[in-house]
Each structure stands twice: as structure tokens, then as C-alpha cells.
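K.L.:
Dropping the structure in here first, questions after.
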Amino acid sequence: MSRITAASNALLQGFELPEGDKTYVKILDAGLALFIEFGLRRTTMEDVANRAGIGRATAYRRFADKDQLIQVVILREAKRELDSIEHDLKAIDGGLNRLLESFVLAVTRAHAHPLWRRLLTSDSEMILPFFTQKIWQMMAFFRMYLADMLERVKKEEKLSDLSTEFMAELMLRLMQSMLLSPEGVMNPNDEAAVRKVAEECLRPLMKG
């Protein structure tokens, strides 16, 4: 099982993503568009149903409530971004280089994503409780993904004696901090600043 498959299973645990259900996809697409346009709080399930061109009852047959829809929309976007990062990492030589590049790409692309930008501007008070209480799957997803990458790097290069789980969680918490508090010298909007964190903080730690 690839790390993408294993991590995706962790990411989507508790959610059924029915294959071939075009209505389900239309609801997700409509939800994403409205969340970006109006924010989470101002968007209702009725708005989503109208944008998707379906009845309100049809939307509720697939999603119990708006919170569940929000979670699946965010998780689907995370999976899409990870697929894109995986593709770009193929051009990078060296396991540790790929790992650090994944950190840079994850931070800068998440920060630049239009949904995240909307959350920061109009739903900032919802971000921390939502991500700490309701998106635990995403944390398990990225922790598993990073730990697996670290295990692969260890087979290629000499790394620190710190456990892969510890280093993976450290990277994850650093990403979270940079995204939730973007102001300062480690601004996720500045790729050079993010690379400096990767090279001057993470690389020495990983090398031990």
C-alpha cells in the first residue's frame, strides 16, 4: 500500500465517498465555491443545494449537516493538494530534500489556497476550534504521510535518532503554527522565509 493510499484512508476515515455519485460531487463543488465566495458561517445547506441545482432534502441525504459537508470539502481539497505535491516531488533528488520540499510546498500552497484565505479573512474565529476539534482526521493523515516519508528517507540517508513519529508531528505542528499565525518572520506567504525554516531549522534537526 502506497503512502498516499494509506494516508488517504486515514484522512477519509468515517466518511463514505460514493464512487460514481455525480450529485455528491456537485454538492462538494457547490459547497467549495460558496465557502470561498461567502465563508463558512454565511453559507447554508439551502444555498449549497440551490448552487448544485438539487433539492435541500437531496443534499441532506448525503450530508447530515453543514459541519460534515465542510469537513469533507476541506479533506478533499487537502487530498488534491497532496496529489499535486507528490507529482512535483518526483523532480527532487534525495530523500531529505524531498521531505523538506514537501514542507515548503505544503505550507505555501495551503496558505495560498482560496478557501484558506477566505477562512482567515471572514471566519478566523472558527478556524482554531474547527481544526482542533473537528478535523482530527487531517492530523492523522499528515502525521502518517510524513512519518512514512521519514522512514523512506532513513533507508537512503543517515538521520537523527529521534523517532519518525516525533519528527513528523513536529513538522506538522510547525506547519499548523505558521498557517494559523502567519504574521512574523516565518510568514507562509514568503516562500524564501519558509525555505529558511526548512533549511536552517528542520534540516539540522533531521540530520541529528
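The values are calculated or read from the model by the stated rules, or taken from the named source; none is laboratory data. The structure displayed is predicted, hence computed values, not measured ones. Ideal geometry is used to build each Cβ from the backbone, glycine not excepted, and the neighbour counts take in all protein chains shown.
K.L.:
Within region 69-114, can you find the residues that are at pLDDT below 90 and among the polar types (S, T, N, Q)?
P.N.:
Q71
K.L.:
Which fully enclosed helices (runs of 4 or more DSSP H) of region 26-121 have 3 or more residues being under 17 Å from the mean Cα position of the chain (by Cα) and among the polar types (S, T, N, Q)?
P.N.:
Because the criterion is at least 3 residues that are under 17 Å from the mean Cα position of the chain (by Cα) and among the polar types (S, T, N, Q), the helices (runs of 4 or more DSSP H) in region 26-121 that meet it are 66-89.
Here's the yes/no breakdown for (1) buried (at least 18 other Cβ atoms within 10 Å of the Cβ); (2) within 18 Å of I74 (Cα to Cα); (3) free of Cβ contacts under 8 Å to residues at least 40 places away in the same chain; (4) in contact with a His (Cβ under 8 Å, 6 or more places away or on another chain):
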| position | (1), (2), (3), (4) |
| --- | --- |
| L99 | yes, no, no, no |
| V104 | yes, no, no, no |
| E156 | no, no, no, no |
| L159 | yes, no, no, no |
| T164 | yes, no, yes, no |
| M206 | yes, no, no, no |
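K.L.:
Has region 157-168 got any residue that is of a type in the set (F, W, Y) and at pLDDT below 90?
P.N.:
Looking for residues that are of a type in the set (F, W, Y) and at pLDDT below 90, one finds none in region 157-168, hence no.
K.L.:
Are any residues in region 173-186 over 12 Å from A110 (Cα atoms), out of contact with any Lys or Arg (no Cβ under 9 Å at 6 or more places or on another chain) and surrounded by fewer than 17 Cβ atoms within 10 Å (Cβ to Cβ), and if so, which ones?
P.N.:
Once the filter is applied, which keeps residues that are over 12 Å from A110 (Cα atoms), out of contact with any Lys or Arg (no Cβ under 9 Å at 6 or more places or on another chain) and surrounded by fewer than 17 Cβ atoms within 10 Å (Cβ to Cβ), region 173-186 yields R173, S177, S181, E183, G184.
K.L.:
Could I ask something else about it? Those residues that are outside any helix (DSSP H, G or I), closer than 19 Å to E101 by Cβ and among the aliphatic types (A, V, I, L, M), I need them from region 159-177; list them, please.
P.N.:
Listed by number, the list holds a single entry, L159.
K.L.:
Restricting region 188-208 to residues that are in contact with a helix residue (DSSP H, G or I) (Cβ under 9 Å, 6 or more places away or on another chain), of a type outside the set (A, V, I, L, M, F, W, C) and assigned to a helix (DSSP H, G or I), which is nearest to K155 (Cα to Cα)?
P.N.:
By that ranking, first place goes to K207.
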